[in-house]
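Working notes for the structure below.
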Amino acid sequence: MRFEGQNVLVSGGTRGIGRGIAEAFLREGACVLVSSSSGGKAWEELQAAHPEALAAGRLHHLAFDVADFAQCEAAFAKLPFEKLDVLINSAGIRKDSIVGAMPVSDWQRVLDVNLTGTFNLSKLAVMKMSRARYGRIVNITSPCSYFGFEGQSNYAASKAGQIALARSLSKEVARRNITVNGVSPGFIGTELIADLPAELAAKYKDQVPLKRFGTVAEVASCVLFLASKEASYVTGATLEVTGGL
(Lines give C-alpha, C1' and ligand atoms only; values in the text may rest on other atoms or scores of the structure.)
Protein backbone atom coordinates (compact mmCIF):
# COMPACT_ATOMS: atom_id res chain seq x y z
CA MET A 1 0.00 0.00 0.00
CA ARG A 2 2.83 2.40 -0.86
CA PHE A 3 0.46 4.80 -2.63
CA GLU A 4 -2.41 4.86 -0.16
CA GLY A 5 -3.77 8.41 0.02
CA GLN A 6 -2.15 9.42 -3.27
CA ASN A 7 -3.97 10.46 -6.44
CA VAL A 8 -2.76 9.19 -9.81
CA LEU A 9 -3.69 10.09 -13.39
CA VAL A 10 -2.84 7.52 -16.06
CA SER A 11 -3.46 8.67 -19.62
CA GLY A 12 -4.30 5.83 -21.97
CA GLY A 13 -5.08 3.86 -18.85
CA THR A 14 -7.88 1.60 -20.08
CA ARG A 15 -5.82 -0.79 -22.18
CA GLY A 16 -2.37 -2.27 -22.69
CA ILE A 17 0.55 -0.96 -20.67
CA GLY A 18 -1.53 1.94 -19.38
CA ARG A 19 -4.13 -0.41 -17.92
CA GLY A 20 -1.43 -2.54 -16.29
CA ILE A 21 0.06 0.55 -14.67
CA ALA A 22 -3.34 1.75 -13.45
CA GLU A 23 -4.07 -1.67 -11.93
CA ALA A 24 -0.67 -1.73 -10.21
CA PHE A 25 -1.43 1.62 -8.55
CA LEU A 26 -4.85 0.35 -7.47
CA ARG A 27 -3.23 -2.65 -5.80
CA GLU A 28 -0.92 -0.24 -3.96
CA GLY A 29 -3.88 1.70 -2.54
CA ALA A 30 -3.93 4.77 -4.81
CA CYS A 31 -6.96 6.62 -6.11
CA VAL A 32 -6.62 6.26 -9.89
CA LEU A 33 -8.11 8.27 -12.74
CA VAL A 34 -7.65 6.71 -16.15
CA SER A 35 -8.17 8.64 -19.35
CA SER A 36 -8.93 7.45 -22.84
CA SER A 37 -10.23 8.99 -26.02
CA SER A 38 -13.70 7.49 -25.66
CA GLY A 39 -14.06 4.97 -22.83
CA GLY A 40 -16.16 2.25 -24.41
CA LYS A 41 -15.59 -1.47 -23.92
CA ALA A 42 -12.07 -1.12 -22.50
CA TRP A 43 -13.32 1.08 -19.65
CA GLU A 44 -16.23 -1.27 -19.01
CA GLU A 45 -13.81 -4.19 -18.73
CA LEU A 46 -11.57 -2.28 -16.33
CA GLN A 47 -14.54 -1.44 -14.10
CA ALA A 48 -15.68 -5.06 -14.11
CA ALA A 49 -12.21 -6.20 -13.07
CA HIS A 50 -12.06 -3.86 -10.05
CA PRO A 51 -15.55 -3.52 -8.50
CA GLU A 52 -14.15 -2.94 -5.00
CA ALA A 53 -11.98 0.01 -6.10
CA LEU A 54 -14.90 1.41 -8.08
CA ALA A 55 -17.25 1.15 -5.10
CA ALA A 56 -14.67 2.76 -2.81
CA GLY A 57 -14.28 5.73 -5.15
CA ARG A 58 -10.70 4.83 -6.04
CA LEU A 59 -11.24 4.26 -9.78
CA HIS A 60 -12.41 6.98 -12.15
CA HIS A 61 -12.44 7.70 -15.88
CA LEU A 62 -12.51 10.75 -18.12
CA ALA A 63 -12.74 10.68 -21.91
CA PHE A 64 -10.79 13.35 -23.79
CA ASP A 65 -8.19 13.81 -26.51
CA VAL A 66 -4.77 14.38 -24.93
CA ALA A 67 -3.64 16.11 -28.13
CA ASP A 68 -6.18 18.90 -27.62
CA PHE A 69 -5.10 21.32 -24.87
CA ALA A 70 -8.61 22.74 -24.42
CA GLN A 71 -9.97 19.24 -23.77
CA CYS A 72 -7.12 18.51 -21.35
CA GLU A 73 -7.80 21.74 -19.49
CA ALA A 74 -11.50 20.93 -19.26
CA ALA A 75 -10.66 17.44 -17.96
CA PHE A 76 -8.40 18.85 -15.24
CA ALA A 77 -11.30 21.03 -14.13
CA LYS A 78 -13.30 17.81 -13.62
CA LEU A 79 -10.69 15.84 -11.67
CA PRO A 80 -12.34 13.91 -8.82
CA PHE A 81 -9.56 15.02 -6.45
CA GLU A 82 -7.92 18.33 -5.60
CA LYS A 83 -4.25 17.34 -5.41
CA LEU A 84 -2.45 15.29 -8.04
CA ASP A 85 0.52 13.28 -6.83
CA VAL A 86 1.43 11.23 -9.90
CA LEU A 87 0.99 11.67 -13.65
CA ILE A 88 1.71 8.77 -16.00
CA ASN A 89 1.85 9.82 -19.66
CA SER A 90 0.97 6.50 -21.27
CA ALA A 91 -1.39 7.51 -24.08
CA GLY A 92 0.19 6.62 -27.40
CA ILE A 93 -0.59 5.54 -30.95
CA ARG A 94 1.22 4.14 -33.99
CA LYS A 95 0.58 4.85 -37.65
CA ASP A 96 3.40 3.05 -39.45
CA SER A 97 4.63 3.81 -42.95
CA ILE A 98 7.90 4.63 -44.69
CA VAL A 99 8.51 8.37 -44.92
CA GLY A 100 8.05 8.57 -48.68
CA ALA A 101 4.58 7.05 -48.44
CA MET A 102 3.47 8.42 -45.06
CA PRO A 103 0.43 10.71 -45.18
CA VAL A 104 1.19 14.04 -43.57
CA SER A 105 -1.88 13.54 -41.39
CA ASP A 106 -0.39 10.31 -39.95
CA TRP A 107 2.88 12.06 -39.12
CA GLN A 108 1.04 14.90 -37.41
CA ARG A 109 -1.43 12.77 -35.47
CA VAL A 110 1.25 10.56 -33.92
CA LEU A 111 3.27 13.63 -32.88
CA ASP A 112 0.12 15.29 -31.55
CA VAL A 113 -0.97 12.36 -29.37
CA ASN A 114 2.38 11.00 -28.22
CA LEU A 115 4.41 14.18 -27.76
CA THR A 116 2.02 17.12 -27.59
CA GLY A 117 -0.26 15.04 -25.36
CA THR A 118 2.64 14.55 -22.96
CA PHE A 119 3.30 18.30 -22.97
CA ASN A 120 -0.36 19.18 -22.43
CA LEU A 121 -0.86 16.92 -19.41
CA SER A 122 2.56 17.68 -17.93
CA LYS A 123 1.91 21.42 -18.13
CA LEU A 124 -1.38 21.12 -16.27
CA ALA A 125 0.01 18.61 -13.76
CA VAL A 126 3.02 20.78 -12.95
CA MET A 127 0.72 23.68 -12.08
CA LYS A 128 -1.04 21.49 -9.50
CA MET A 129 2.06 19.76 -8.21
CA SER A 130 3.97 23.03 -7.79
CA ARG A 131 1.38 24.31 -5.34
CA ALA A 132 1.73 21.12 -3.29
CA ARG A 133 5.53 21.12 -3.69
CA TYR A 134 5.45 17.43 -4.57
CA GLY A 135 4.88 15.34 -7.67
CA ARG A 136 5.98 12.49 -9.87
CA ILE A 137 5.70 12.48 -13.67
CA VAL A 138 6.60 9.34 -15.63
CA ASN A 139 6.50 9.21 -19.44
CA ILE A 140 6.13 5.88 -21.23
CA THR A 141 8.58 6.19 -24.07
CA SER A 142 10.33 3.64 -26.31
CA PRO A 143 13.78 2.39 -27.40
CA CYS A 144 12.51 3.16 -30.89
CA SER A 145 13.61 6.71 -30.05
CA TYR A 146 17.20 5.73 -30.74
CA PHE A 147 16.90 2.45 -32.70
CA GLY A 148 14.66 4.09 -35.30
CA PHE A 149 12.77 1.07 -36.63
CA GLU A 150 11.91 1.13 -40.32
CA GLY A 151 8.43 2.50 -40.98
CA GLN A 152 8.16 4.20 -37.59
CA SER A 153 9.78 7.60 -38.11
CA ASN A 154 6.77 9.43 -36.67
CA TYR A 155 6.60 7.14 -33.61
CA ALA A 156 10.38 7.30 -33.05
CA ALA A 157 10.41 11.10 -33.31
CA SER A 158 7.54 11.41 -30.82
CA LYS A 159 9.25 9.13 -28.29
CA ALA A 160 12.62 10.87 -28.63
CA GLY A 161 10.79 14.12 -28.01
CA GLN A 162 9.28 12.74 -24.81
CA ILE A 163 12.76 11.96 -23.47
CA ALA A 164 14.08 15.42 -24.33
CA LEU A 165 11.01 17.07 -22.81
CA ALA A 166 11.48 15.12 -19.57
CA ARG A 167 15.13 16.11 -19.28
CA SER A 168 14.33 19.80 -19.65
CA LEU A 169 11.22 19.74 -17.49
CA SER A 170 13.00 17.85 -14.71
CA LYS A 171 15.40 20.78 -14.33
CA GLU A 172 12.58 23.32 -14.28
CA VAL A 173 10.60 21.69 -11.48
CA ALA A 174 13.28 20.08 -9.30
CA ARG A 175 13.12 22.85 -6.70
CA ARG A 176 9.43 22.09 -6.25
CA ASN A 177 10.20 18.46 -5.29
CA ILE A 178 8.77 17.20 -8.59
CA THR A 179 10.62 14.50 -10.49
CA VAL A 180 10.20 13.75 -14.20
CA ASN A 181 11.39 10.45 -15.63
CA GLY A 182 10.72 7.96 -18.39
CA VAL A 183 10.23 4.23 -18.67
CA SER A 184 11.23 2.81 -22.04
CA PRO A 185 9.57 -0.57 -22.65
CA GLY A 186 10.89 -2.75 -25.43
CA PHE A 187 8.67 -5.36 -27.02
CA ILE A 188 5.81 -5.88 -24.58
CA GLY A 189 2.95 -8.28 -25.24
CA THR A 190 0.08 -5.84 -25.78
CA GLU A 191 -2.31 -4.94 -28.59
CA LEU A 192 0.12 -2.21 -29.71
CA ILE A 193 2.30 -4.89 -31.31
CA ALA A 194 -0.42 -7.51 -31.82
CA ASP A 195 -0.78 -6.47 -35.47
CA LEU A 196 2.84 -7.32 -36.30
CA PRO A 197 3.16 -10.13 -38.87
CA ALA A 198 4.25 -13.42 -37.25
CA GLU A 199 7.52 -13.44 -39.19
CA LEU A 200 8.37 -9.91 -38.07
CA ALA A 201 7.39 -10.65 -34.46
CA ALA A 202 9.71 -13.68 -34.46
CA LYS A 203 12.51 -11.55 -35.88
CA TYR A 204 12.07 -8.90 -33.18
CA LYS A 205 11.95 -11.55 -30.43
CA ASP A 206 15.20 -13.02 -31.68
CA GLN A 207 16.85 -9.60 -31.32
CA VAL A 208 16.06 -9.54 -27.59
CA PRO A 209 18.90 -11.05 -25.52
CA LEU A 210 16.32 -12.58 -23.12
CA LYS A 211 14.60 -14.13 -26.18
CA ARG A 212 11.08 -13.16 -25.18
CA PHE A 213 8.71 -10.21 -25.15
CA GLY A 214 8.20 -8.49 -21.81
CA THR A 215 5.04 -8.36 -19.74
CA VAL A 216 2.95 -5.40 -18.72
CA ALA A 217 3.58 -6.25 -15.05
CA GLU A 218 7.33 -5.92 -15.59
CA VAL A 219 6.84 -2.42 -16.97
CA ALA A 220 4.41 -1.42 -14.23
CA SER A 221 6.81 -2.38 -11.44
CA CYS A 222 9.41 0.01 -12.86
CA VAL A 223 6.84 2.79 -13.13
CA LEU A 224 5.83 2.26 -9.51
CA PHE A 225 9.42 2.71 -8.39
CA LEU A 226 9.92 5.98 -10.27
CA ALA A 227 6.57 7.25 -8.96
CA SER A 228 7.41 6.36 -5.37
CA LYS A 229 8.89 8.50 -2.61
CA GLU A 230 11.88 6.12 -2.58
CA ALA A 231 12.87 7.46 -6.02
CA SER A 232 13.20 11.02 -4.72
CA TYR A 233 16.76 11.44 -6.09
CA VAL A 234 16.01 10.10 -9.57
CA THR A 235 14.95 12.70 -12.12
CA GLY A 236 15.57 13.34 -15.79
CA ALA A 237 16.31 9.64 -16.26
CA THR A 238 14.99 7.00 -18.62
CA LEU A 239 14.75 3.42 -17.33
CA GLU A 240 15.13 0.82 -20.07
CA VAL A 241 12.81 -2.20 -19.75
CA THR A 242 13.88 -3.98 -22.89
CA GLY A 243 15.20 -7.42 -22.05
CA GLY A 244 18.67 -6.22 -22.96
CA LEU A 245 18.09 -4.61 -26.36
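The values are calculated or read from the model by the stated rules, or taken from the named source; none is laboratory data. This is a predicted model, so every value here is computed, not measured. Glycine gets a Cβ as well: all are built from the backbone with ideal geometry, and neighbour counts include every protein chain shown. The accessibility values were calculated without ligands, DNA or RNA, using every heavy atom of the protein model including side chains. Shrake-Rupley method; radii C 1.70, N 1.55, O 1.52, S 1.80 Å.
Projected onto their three principal axes, the Cα atoms of the chain cover extents of 47, 39, 34 Å, largest first. A dipole drawn for region 30-174 from +1 and -1 charges on Cβ atoms has a positive end, and of Ser153, Ser37, Ser170 the residue lying farthest that way is Ser170. Exceeding 21 Å between C-alpha atoms, which entries from my cross-link table qualify? They are Lys95/Lys128; Lys41/Lys205; Lys78/Lys229; Lys78/Lys123. From Lys95/Lys128; Lys41/Lys205; Lys78/Lys229; Lys78/Lys123, over 21 Å: Lys95/Lys128; Lys41/Lys205; Lys78/Lys229.
Computed over protein heavy atoms with a 1.4 Å probe, the accessible surface of the chain works out to 46 Å² per residue.
Using a Förster radius of 25 Å, what is the FRET efficiency between Asp96 and Tyr233 based on their Cβ-Cβ separation? Nearest 0.05, please.
Working: r = 38 Å, r/R0 = 1.52.
Between Asp96 and Tyr233 the formula returns 0.10.
So how far, in whole Å, is the C-alpha centre of region 176-224 from the one of region 114-149? So the separation of the two Cα centres works out to 18 Å. At a Förster radius of 45 Å, what calculated FRET efficiency corresponds to the Cβ-Cβ distance of Leu200 and Phe225, to the nearest 0.05? My answer for the efficiency is 0.90. Put a plus charge on the Cβ of each Lys and Arg, a minus charge on the Cβ of each Asp and Glu, and nothing anywhere else: the dipole of the chain about its Cα centre is then about 740 debye. Protein-only accessible surface at a 1.4 angstrom probe places the residues Trp107, Trp43 in the order Trp107, Trp43, largest first.
Axis of helix 16-27 versus longest Cα principal axis of the chain: the two differ by about 30°, to the nearest ten degrees.
Only Lys, Arg, Asp and Glu count, each charged at its Cβ (+1, +1, -1, -1), so figure out the dipole size of region 128-218 about its Cα centre, rounded to 20 debye.
Numbers: 13 positive and 7 negative charges, 171 e Å.
Using Cβ point charges on Lys, Arg, Asp and Glu, region 128-218 gives about 820 debye.
Solvent-accessible area assigned to carbon and sulfur over the chain amounts to 55 percent, based on a 1.4 Å probe.
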